[in-house]
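Let me begin by presenting the structure, written as structure tokens, before commenting on it.
The values are calculated or read from the model by the stated rules, or taken from the named source; none is laboratory data. Remember, predicted model here, so these are calculated numbers, not experimental data. Reconstructed Cβ throughout: ideal geometry from the backbone, glycine too, with neighbour counts over all protein chains shown. Each accessible area value is taken on the protein alone, full model and side chains, heavy atoms only, with ligands, DNA and RNA left out. Shrake-Rupley method; radii C 1.70, N 1.55, O 1.52, S 1.80 Å.
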Amino acid sequence: MPLLSLSPVAVSFLLLAAHFMHAQQLAGVGAALAMVAMLTIRRPFVPWVVQIALALASLEWLRTALSLVQERQALGQPFIRLVVILSTVALATLLSGLVFRSGRV
């Protein structure tokens, strides 16, 4: 059952790995996949490390959104949908860390 409870966290990191892969940042891909692997370790420090990584991942999504919005504004392209999507991804990534607050994990 804990494996199913951790699925939002794993999905958040896998999505982040795909983001880094698209940007050709292999160190980021490795770090995101390492966080998925860390979910299998049963140590007291793991939830803290993963929650900090999720917070940093949320900041990465917001940084990416800001960068893409500036790009689109410079080109005169619409950007509202981009802001909604990436803000939602950032929020979902941040909120996925709440699974560590339940007693089941």
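Annotations
- Screening I52, I41, I85 for residues that are within 27 Å of F100 (Cα to Cα), at pLDDT below 95 and aliphatic (A, V, I, L, M) leaves exactly one candidate, I41.
- Taking residues in region 4-29 that are closer than 23 Å to I41 by Cβ and open to solvent by less than 60 Å² (accessible area, probe 1.4 Å), and partners anywhere that are outside any helix (DSSP H, G or I) and small (G, A, S), the pairs with Cβ atoms closer than 7 Å and at least 6 places apart or on different chains are S5/S102.
- Unmet criterion (only one of (1) free of Cβ contacts under 8 Å to residues at least 12 places away in the same chain; (2) part of a helix (DSSP H, G or I)) for W61: (1)
- Some residue of region 60-67 being open to solvent by 100 Å² or more (accessible area, probe 1.4 Å) and at pLDDT below 95: no
- Hits in region 64-105 - residues which are outside any helix (DSSP H, G or I) and touching a residue at least 60 places away in the same chain (Cβ under 8 Å): S102, R104, V105
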